[in-house]
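The structure appears below as structure tokens.
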Amino acid sequence: MKDLGRIGFSEDQAALLEVAADFCQRRSPVATVRRLMEDELGHDPAVWAEMGDLGWLGVAIPEAFGGSGLGLAEVVPLVEQMGRRLMAGPFVSTTLAAQALIAGGTEAQKLEHLPRLAAGEAAAIALGEPDTDWEPDTISAAARRGDGGRLSLSGRKILVSDAGAARRLIVAVRLDGAPALVLLTPEDLPAGALRRETVIDETRRSFSLTLDGVTVAEDRLLDPDRAGATLEHLHLAANLLAAADMVGGTQACIDYTLDYLRTRTQFGKVIGSYQALKHPMVDAYTRYEQARSHLYSAAHCFNEQGTGEIAVRMAKAAADGAYSFAADRSIQFHGGFGFTWDCDAQLYRRRAIWHAAQFGDAAFHRKKLARLLF
Amino acid sequence: MSTVDPKDLAAFAEQADAWFAENVVRDPGFMLPLTFMEVGTDKQFHFLRDWQNKVWEAGYLGAAWPKAYGGGGLPQAFQSAATRAMRKHHGPIMLNAIGINWAGPLILEMGTEAQKAAYLKGILSAEDIWCQGFSEPGHGSDLGSAQTRAVRHGDHYVVNGSKIWTTLGRYARYMILLARTDPSTERKYDGLSFFLMPMKAPGIETVPIRKLTGEHGFTQTFFTDAKAPADGLVGPEGGGWKVAMRTLEYERGARGGQAGGYVSVGANAFDVFDLARRTQRGGQPVLEDPLVADEMVGFLMEIQALTLNGQRTQVPELVADRPQGIPLASKLMGTEMSRRLNDFAVRLTGARGAYYVDEPDAVDNGLWARNYLNAFSATIGGGTSQIQANIVGEHVLGLPKS
């Protein structure tokens, strides 16, 4: 049997977990979450600036480019705590865009863009397409070399998180028959290229990006030799951070449900005393603990060839199962209140569905694992 | 002796490795039980008793128990090395589980000098097999309500009542017995006392219980005016509940001091994975069926999660919210997984899943079907999964009592 991964936890992870738990709880109470759902931008720029001041945007950026030179393992506790508080904002998108540049950018691009991301300029990645199957190299959007050394883009990307706030967009296209990544700025986009999508997770800002008519200089192309590997890296990084958000959300969702089960009375009894409710909550809890163990194994082993991919796919599959179950039961166990807008259970359930639909659901990752393990 | 010379330890480990390599009998010609609870035939019993005796005589069981009581007087690291060698060479289980894992360490900790001298060596040599008399027919999970009576008459107590699920009851020479010496106490727990009880005494009858597997693993034990010597009391009269709770700590491995070795060799997800790889259906490896593959991945994820859970409990920052959560839920998670995994293994064998133990055409001699049925011993024994879910729900999640 292959090495499936193991738990390891650095002092940096511990310190960031502690700070993030406190920060996210204070900055993202559920009333704020609900207010921002109605806000066009969708996040609080003051909180975003504070995250920059805390150095969070540069955690996984090398010191030479203005970051603190840690890795995604240290980003995981931050995102877990954000997910726990249903926090909104382009943190994960910006982190992933930085990863794209670190893994696949030219030296000039890294020097130009990474320090800006570390300093708090939002960025995003555009991987999804209308006929996506979650495979990183399934790409139909195209770039063609045109006159004067410029690239002409065509096609459409969908489900691009935070494209509205992003000052940099890393877009997956096909060029000369191979996958490629191109860096765009808002100035490159014609009016109407970005359309805000209506998505199930209302804490999120997601966009469709039409590339037809967009032209950029060839130096916007990330290193073509590394595009395939960079897309694989982004796929795994995105799933790792999604799993972190989901594990945090699962914990909060279970706690939220338990609060209700400990206080709500029916037929003269606190409903949490009924085994019909108590035992499924134990199921939700044990699935949560298992998902969290997978998450911190994936964080620790992320950079290990082979094991990293196994651990990340297990983490995402486990997180999908745990979050979906906990949030589904949360709606049900709140009874009539669970069917209302005001009950937070729906917020968790919607966020779980969003994450399952992004970068592969549990069944997708299990299928991948079968190929990796058997 | 408390300091360990690494050179001595390495030499000991090397000797143990060589000894087990030479002495382990992989196939005695009949199926060996996977756990001490599944010893069903005299052939199995005698084979395992001889095996434990041989391991002890070689110095690889009880290595860290005091020399005066039959042990090796060495630091624990030596016994751990011996146990690792035993496992590496797939040695059969240690038979006298209740003796070496919980009665023995209990006597070492709380017993009188006379009790230590009388009982410990026989536990290690497997000359004296031990059993446990806690559960009663009317009180499976509720030990505090035990009704078996013990009434003092001079230098002994007269015992009446019955105990159930007595593992190795047919073979045992001694029992650790929880009995009621005072039925009138305000708290039911204060009327219980803890005895080291001879089993080969008039008035004790052991009736085999036939398990769902068809085998005889346990007995029900009936006491009719049976004599328990008063010098077999552990702790004071009326102090039995505390001793019983300490015994459970040893039983669950929450407290160290066991003599070493292991008493079960459960099949795990990797064994089932191996089964899935070598099983063919319609000329194809069964793992090529995507539904089978998906289920197998699920089990591998689950067993990996349980391993990781154990590692995570060693990182305080990662269990800060509910430090007792994983330990209290691990029996529920582990035993339920094992039951479902063995059910999956039976299904993997396809049409041959209809066979049972000893059928020549059965896969692995019908082991998987028996494993599945035996897996319920863990989801029911030591507190059913439903009781475990109540414990987790109430003590970890803070829900009100059912």
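The values are calculated or read from the model by the stated rules, or taken from the named source; none is laboratory data. Just so we're clear, the structure is a prediction, and the values are computed from it rather than from any experiment. Positions of Cβ are generated from backbone atoms using ideal geometry, with glycine treated the same way; all protein chains shown enter the neighbour counts. We work out accessible area using only protein heavy atoms, side chains counted, and drop any ligands, DNA or RNA first. Shrake-Rupley method; radii C 1.70, N 1.55, O 1.52, S 1.80 Å.
Go through segment A:284-315 and give me each residue that's within 11 Å of chain B (Cβ to nearest Cβ) and charged (D, E, K, R).
Within segment A:284-315, A:Arg287, A:Glu289, A:Arg292, A:Arg313 meet the criteria.
For segment B:1-98, list the helices (runs of 4 or more DSSP H) that sit wholly inside it and hold at least 3 residues that are in contact with a helix residue (DSSP H, G or I) (Cβ under 9 Å, 6 or more places away or on another chain) and farther than 13 Å from B:Gly260 by Cβ; which are they? Spell out how you get there, then give the answer.
On the way: elements: B:6-23, B:42-58, B:76-88.
So the answer is B:6-23, B:42-58.
Within segment B:306-329, work out how many residues are in contact (Cβ under 8 Å) with a residue 24 or more places away in the chain and either among the small types (Gly, Ala, Ser) or at the interface with chain A (Cβ under 7 Å from one of its Cβ atoms) (or both).
3
Please enumerate the residues belonging to segment B:260-282 that are in contact with a helix residue (DSSP H, G or I) (Cβ under 7 Å, 6 or more places away or on another chain), among the aliphatic types (A, V, I, L, M) and assigned to a loop (DSSP other than H, G, I, E, B).
Those that are in contact with a helix residue (DSSP H, G or I) (Cβ under 7 Å, 6 or more places away or on another chain), among the aliphatic types (A, V, I, L, M) and assigned to a loop (DSSP other than H, G, I, E, B): B:Val263, B:Ala267.
For segment A:305-315, what are the residues that are closer than 20 Å to A:Phe359 by Cβ and either free of Cβ contacts under 8 Å to residues at least 40 places away in the same chain or in a helix (DSSP H, G or I) (or both)? Lay out the reasoning, then the answer.
Step one: list which residues in segment A:305-315 are closer than 20 Å to A:Phe359 by Cβ, which gives A:306-315.
Hits for segment A:305-315 are A:Thr307, A:Gly308, A:Glu309, A:Ile310, A:Ala311, A:Val312, A:Arg313, A:Met314, A:Ala315.
From A:Ala172, A:Ala123, A:Ala118, which residue is over 29 Å from A:Arg35 (Cα atoms), of a type outside the set (Lys, Arg), modelled with pLDDT of 95 or more and open to solvent by less than 40 Å² (accessible area, probe 1.4 Å)?
On the way: A:Ala123 fails: over 29 Å from A:Arg35 (Cα atoms); A:Ala118 fails: over 29 Å from A:Arg35 (Cα atoms).
Every option except A:Ala172 fails the conditions.
Between A:Asp219, A:Asp259, A:Asp212, which is of a type in the set (Asp, Glu), over 29 Å from A:Ser154 (Cβ atoms) and open to solvent by 40 Å² or more (accessible area, probe 1.4 Å)? Steps first, please.
Details: A:Asp219 fails: over 29 Å from A:Ser154 (Cβ atoms); A:Asp212 fails: over 29 Å from A:Ser154 (Cβ atoms).
Answer to the check: A:Asp259.
Restricting to segment B:278-287, give me the number of residues that are in contact with a Leu (Cβ under 6 Å, 6 or more places away or on another chain) and either under 21 Å from B:Thr307 (Cα atoms) or free of Cβ contacts under 8 Å to residues at least 40 places away in the same chain (or both).
Residues in segment B:278-287 being in contact with a Leu (Cβ under 6 Å, 6 or more places away or on another chain) and either under 21 Å from B:Thr307 (Cα atoms) or free of Cβ contacts under 8 Å to residues at least 40 places away in the same chain (or both): 0 in total.
If we keep just the residues of segment B:288-297 that are buried (at least 20 other Cβ atoms within 10 Å of the Cβ) and within 7 Å of chain A (Cβ to nearest Cβ), which is farthest from B:Gly350 (Cα to Cα)?
B:Val297
From A:Glu129, A:Glu135, which residue is assigned to a loop (DSSP other than H, G, I, E, B), at pLDDT 95 or above, within 20 Å of the chain's Cα centre (by Cα) and surrounded by fewer than 17 Cβ atoms within 10 Å (Cβ to Cβ)? Explain how you work it out, then say what you get.
On the way: A:Glu129 fails: surrounded by fewer than 17 Cβ atoms within 10 Å (Cβ to Cβ).
Going through A:Glu129, A:Glu135 in turn, the sole match is A:Glu135.
Looking at A:Leu111, A:Leu16 in this structure, which one is modelled with pLDDT of 95 or more, open to solvent by 20 Å² or more (accessible area, probe 1.4 Å) and in contact with an Asp or Glu (Cβ under 9 Å, 6 or more places away or on another chain)?
Numbers: A:Leu111 fails: in contact with an Asp or Glu (Cβ under 9 Å, 6 or more places away or on another chain).
Within the list A:Leu111, A:Leu16, the selection yields A:Leu16.
Of the numbered conditions (1) open to solvent by 20 Å² or more (accessible area, probe 1.4 Å); (2) assigned to a helix (DSSP H, G or I), B:Asp321 satisfies every one except a single condition; which is it?
(2)
Being under 25 Å from the mean Cα position of the chain (by Cα) and among the acidic types (Asp, Glu) is true for just one of B:Glu317, B:Glu288, B:Glu295, B:Glu302. Which residue is that? Give the steps one after another, and end with the answer.
Numbers: B:Glu317 fails: under 25 Å from the mean Cα position of the chain (by Cα); B:Glu288 fails: under 25 Å from the mean Cα position of the chain (by Cα); B:Glu295 fails: under 25 Å from the mean Cα position of the chain (by Cα).
Being under 25 Å from the mean Cα position of the chain (by Cα) and among the acidic types (Asp, Glu) holds for just one of B:Glu317, B:Glu288, B:Glu295, B:Glu302, which is B:Glu302.
Name the pairs: first residue in segment B:375-402 and away from chain A (no Cβ under 14 Å), second residue open to solvent by less than 20 Å² (accessible area, probe 1.4 Å) and among the acidic types (Asp, Glu), Cβ to Cβ under 9 Å, at least 6 apart or on different chains?
Once the first residue is away from chain A (no Cβ under 14 Å) and sits in segment B:375-402, its partners that are open to solvent by less than 20 Å² (accessible area, probe 1.4 Å) and among the acidic types (Asp, Glu) give B:Ser377/B:Glu38.
Condition test on B:Leu287, is it part of a helix (DSSP H, G or I), farther than 25 Å from B:Gly393 by Cβ and aliphatic (A, V, I, L, M)? Walk me through how you get there before you give the answer.
Numbers: part of a helix (DSSP H, G or I): yes; farther than 25 Å from B:Gly393 by Cβ: yes; aliphatic (A, V, I, L, M): yes.
Taking the combined requirement at face value, the residue satisfies it.
Among helices (runs of 4 or more DSSP H) lying entirely in segment A:23-106, which contain 3 or more residues that are without any contact (Cβ under 8 Å) to a residue 40 or more places away in the chain and not assigned by TED's automatic domain parsing to the domain that holds A:Ala319?
A:30-37, A:45-53
Out of the helices (runs of 4 or more DSSP H) lying entirely within segment A:316-374, which hold 2 or more residues that are open to solvent by less than 50 Å² (accessible area, probe 1.4 Å) and of a type in the set (S, T, N, Q)? Don't jump to the end; show me each part of the working.
Values: elements: A:335-338, A:345-357, A:362-373.
No helices (runs of 4 or more DSSP H) qualify here.
I need the full set of residues from segment A:57-73 which are touching an Asp or Glu at 6+ places or on another chain (Cβ under 9 Å) and surrounded by 21 or more Cβ atoms within 10 Å (Cβ to Cβ), in order please.
Matches in segment A:57-73: A:Leu57, A:Val59, A:Ala60, A:Ala73.
Against the definition (surrounded by fewer than 18 Cβ atoms within 10 Å (Cβ to Cβ) and within 12 Å of another protein chain (Cβ to nearest Cβ)), how does B:Pro360 come out, yes or no? Break it down stepwise before answering.
On the way: surrounded by fewer than 18 Cβ atoms within 10 Å (Cβ to Cβ): yes; within 12 Å of another protein chain (Cβ to nearest Cβ): no.
Criteria not met by B:Pro360.
What number of residues within segment B:367-398 satisfy the criterion of being farther than 19 Å from B:Arg340 by Cβ and open to solvent by less than 10 Å² (accessible area, probe 1.4 Å)?
Result for segment B:367-398: 2.
Taking into account only those residues within segment B:216-263 that are basic (Lys, Arg) and within 19 Å of the chain's Cα centre (by Cα), which is most open to solvent (accessible area, probe 1.4 Å)? Walk me through how you get there before you give the answer.
Filtering segment B:216-263 for residues basic (Lys, Arg) gives B:227, B:242, B:246, B:252, B:255.
Applying the additional criterion that residues be within 19 Å of the chain's Cα centre (by Cα) yields B:246, B:252, B:255.
Details: B:Arg246: 55, B:Arg252: 171, B:Arg255: 81 Å².
In this case the residue turns out to be B:Arg252.
Residue by residue, here is whether (1) free of Cβ contacts under 8 Å to residues at least 40 places away in the same chain; (2) among the polar types (S, T, N, Q); (3) under 19 Å from B:Gly239 (Cα atoms) holds:
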{"site": "B:Leu106", "(1), (2), (3)": "no, no, yes"}
{"site": "B:Ser135", "(1), (2), (3)": "yes, yes, yes"}
{"site": "B:Thr167", "(1), (2), (3)": "no, yes, no"}
{"site": "B:Arg170", "(1), (2), (3)": "no, no, no"}
{"site": "B:Leu178", "(1), (2), (3)": "no, no, yes"}
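Give just the number: which of (1) within 13 Å of another protein chain (Cβ to nearest Cβ); (2) within 15 Å of the chain's Cα centre (by Cα) does A:Asn239 not satisfy?
Unmet condition: (1).
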